[in-house]
Every structure is written in C-alpha cells, then in structure tokens.
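Read the structure below first, then the notes.
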Amino acid sequence: MKGTPVPTSLSVRWRLLLAFFGISAFALLAAAAAMWAFMELGRVVERTTAERAPAALASLELSRQAERIVAAAPALLAAANEAARAEVAAGIRAQLARLEALLAGLRNATPDPAALGAIEPAVAGLGHNLEALDRLVADRLAIARVKETLLSRLSSAVIGAQRLVTPGILVLDAQLAAWRRAGAAGSGAGEDLARAVAASVPLQKAQLEIAAMNDNLLKAADASSPADLPLLSFPLARSLRALEALASDLDSSLRDRFLGRVQELTALAEGPGGLPAARERELATLGRGEGLLAENATLSRGLTEAVDRLVAASKADIAAAGSEARAVRQVSTGVLAVVVLASLLSSV
C-alpha cells in the first residue's frame with residue numbers, strides 16, 4: 001500500500017495565505033500605531049487648549065483688572081463731594097465684582113488650585129482695602145463739611161468783632177481830621193484829642209489781633225501737614241491772650257460783647273471742636289487713605305508677580321507638551337516606517 005506523499009515545501013496556496021495574513025497583521029500594527037499617535041496628540045492638545053492656555057489668559061485678564069481698580073482708587077480718595085464719592089465707589093464696586101468673576105473663572109480653568117495661593121489673598125485684600133478707603137473718604141467728607149461750618153462761624157465772628165472796634169477807630173480818624181482843620185487851637189482840644197487817641201489804641205490793637213487770628217486760623221484750616229498745626233498754635237494762643245487783656249481797656253459798653261466774640265474765636269482755635277483739630281482729623285484721614293493706596297499698589301504688584309509665575313508655569317507646560325507631541329510624532333513615524341517596510345518585505 002502506497003503512503004500519502006508528504007509535501008517538502010509549502011504550496012502556492014499556503015504561501016499566498018501566509019502573505020495575506022502577514023500583510024493584514026502589519027496593517028493592523030500600522031493602524032494601532034496611528035491610533036496611539038492620534039490619542040497621544042489629542043491628549044497633549046487638550047491639555048494645552050483646555051487647561052493651560054485658558055488659565056494663562058484668565059490670569060492675565062485678572063491682573064489687568066486689578067491694575068484698573070488700583071488706578072481708579074486715587075479718584076475715590078480725591079472725591080470732592082458725596083455725589084462724586086458715590087459715583088466713583090459704584091464704579092469700583094462693579095470692577096471688583098468683575099475681578100471676583102475672573103477669579104472664579106480662573107479657579108475653574110486652573111488644574112492646580114495651589115497655583116492660586118498668592119492670587120486669592122491679593123484679590124481679597126484689594127476688596128477689603130477699597131471698602132475701608134470708601135469709609136475713610138466718607139469720614140473725610142464729613143470732616144470737610146464740619147470744617148466749612150467752622151469757617152463760616154469764623155467769618156461771622158471776625159466780622160462781628162471788627163464791627164465792634166471799627167467805629168471807635170473811625171471816630172478817632174474824624175477827630176484827627178477836625179483837629180487838623182482847626183489848627184490844633186486851644187489846650188482843651190489837645191487834651192480831648194489825647195484822650196481819644198489813648199482810648200483808640202486798644203481798639204487798633206484789637207483790630208490787628210483779630211486780623212492775625214483770622215489769618216492763622218485760615219492757615220490752620222489749609223495746613224499741608226500735621227507738623228504745621230503746632231507751629232500755628234503759638235501765635236493763636238498769643239492773640240487770644242492779647243484780646244482778653246485788651247478787653248479790660250475797652251469801654252464798658254463794648255467789653256461784654258467783645259469778650260463774647262473772643263470766646264467764639266477761642267472755641268474756633270482751641271479744643272476738639274476747633275479748626276486746627278478738624279484739620280488734624282482731616283489730615284489723619286488723608287494719611288490713612290494714602291496708606292491704603294500704597295497697600296493696594298503693593299497687593300497689585302504681588303498679584304502681578306503671582307500671575308507672572310502662573311503664566312510662566314503655563315508656558316513651560318505648553319513647551320513640554322509641544323516637546324511631547326514632537327516625540328510622539330517621531331515615534332509614530334518610525335513605527336509606521338518599520339511596519340510599511342516589513343509589509344513590503346512580506347509582500348516580496
């Protein structure tokens with residue numbers, strides 16, 4: 001019985017089948033390599049476009065918004081009246097609301113919450129400082145209104161005091177003119193004139209001291225620094241003492257009314273209700289406001305530095321993502337080249 005012949009080599013059918021399987025396997029490998037490359041590139045692009053780039057843009061917008069708020073704050077401190085203060089404060093509050101919205105957007109866009117560690121306190125500090133500045137400006141305007149009232153009282157007191165002493169001086173001037181016209185005839189006229197001159201000397205001194213009080217109180221109301229106020233207190237106290245001393249030399253019909261005006265000037269010059277005290281409170285309020293402005297500028301610089309660090313980290317991550325994308329592209333290109341070459345060799 002003859003046995004079945006064993007083929008010593010593969011037939012054409014088997015060779016074609018193996019070639020088909022080989023080419024199909026290489027095609028599958030190429031498709032798998034391409035799919036891996038697309039997935040890796042998609043992940044890199046998503047990390048760049050959906051995470052780092054929006055966070056960098058949002059942080060830059062946050063920094064610019066903070067700078068706009070800091071630039072608007074001096075206008076609030078310089079508000080001349082309540083209407084201007086309310087208008088500027090409303091604008092700043094709207095900008096603060098925009099800043100808070102940008103911060104919320106940055107929280108959602110930033111994958112690492114720790115990166116906001118220096119930004120959130122700076123934004124909160126700006127909000128607190130601007131609210132405190134608004135209250136300071138309201139206090140300063142209230143002090144300014146008090147000061148206007150005191151200046152009005154000063155004008156009334158000075159005018160009233162001058163009205164008391166001016167008539168006596170005018171009478172003396174008239175007597176001197178009459179004496180000159182009469183040619184100084186008669187000893188009785190000379191004695192009357194001497195008595196009139198002696199009586200008018202306190203009035204003239206009082207007129208000078210009242211004018212000095214008015215000038216020094218006006219200077220105190222517009223003093224440029226708190227250090228100027230003690231310097232003005234000495235001439236004010238001297239003028240008050242001089243006016244009180246001159247009251248005893250005045251006619252009894254004027255003395256009480258004159259002392260009443262002196263008391264009004266004393267209240268305007270001394271004590272917590274006087275003009276120097278009001279200006280001191282106003283300057284202290286302005287000093288605190290300027291301190292808040294300086295603190296806001298410091299917070300803005302800190303916020304800008306934190307944003308710069310965040311942007312730098314985003315740029316570094318974007319650069320790393322670009323390098324990773326190039327590496328994936330190179331690897332996938334190499335794998336595809338090897339697969340194509342192997343497929344060609346298999347076909348041969």
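The values are calculated or read from the model by the stated rules, or taken from the named source; none is laboratory data. Since we're looking at a predicted model, the values are computed, not measured. Cβ atoms come from the backbone with ideal geometry, glycine included; neighbour counts cover every protein chain shown. The accessibility values were calculated without ligands, DNA or RNA, using every heavy atom of the protein model including side chains. Shrake-Rupley method; radii C 1.70, N 1.55, O 1.52, S 1.80 Å.
Looking across region 229-256, just one residue is at pLDDT below 90 and among the basic types (Lys, Arg), and that is Arg255. Once region 260-272 is narrowed to residues that are assigned to a helix (DSSP H, G or I) and without any contact (Cβ under 8 Å) to a residue 24 or more places away in the chain, the residue that is surrounded by the most Cβ atoms within 10 Å (Cβ to Cβ) is Ala267. The set of residues in region 119-159 that are in contact (Cβ under 8 Å) with a residue 24 or more places away in the chain and of a type in the set (D, E, K, R) comprises Asp134, Asp139, Arg140, Lys147, Arg153. Of all the numbered requirements in (1) in contact (Cβ under 8 Å) with a residue 24 or more places away in the chain; (2) buried (at least 18 other Cβ atoms within 10 Å of the Cβ), Val88 misses one, and that requirement is (1).
Exactly one residue among Ala73, Ala94, Ala104 is at pLDDT 85 or above, of a type in the set (A, V, I, L, M, F, W, C), under 27 Å from the mean Cα position of the chain (by Cα) and loosely packed, with under 13 Cβ neighbours inside 10 Å, and that residue is Ala94. Scanning for something modelled with pLDDT of 70 or more, assigned to a helix (DSSP H, G or I) and open to solvent by 30 Å² or more (accessible area, probe 1.4 Å), does region 42-52 turn up at least one residue? No, there is no match, as no residue in region 42-52 is modelled with pLDDT of 70 or more, assigned to a helix (DSSP H, G or I) and open to solvent by 30 Å² or more (accessible area, probe 1.4 Å). Among the residues of region 273-285, which ones are farther than 21 Å from Glu244 by Cα and either open to solvent by 40 Å² or more (accessible area, probe 1.4 Å) or without any contact (Cβ under 8 Å) to a residue 60 or more places away in the chain (or both)? If the condition is that a residue be farther than 21 Å from Glu244 by Cα and either open to solvent by 40 Å² or more (accessible area, probe 1.4 Å) or without any contact (Cβ under 8 Å) to a residue 60 or more places away in the chain (or both), then Ala277, Glu280, Arg281, Ala284 are the ones that fit.
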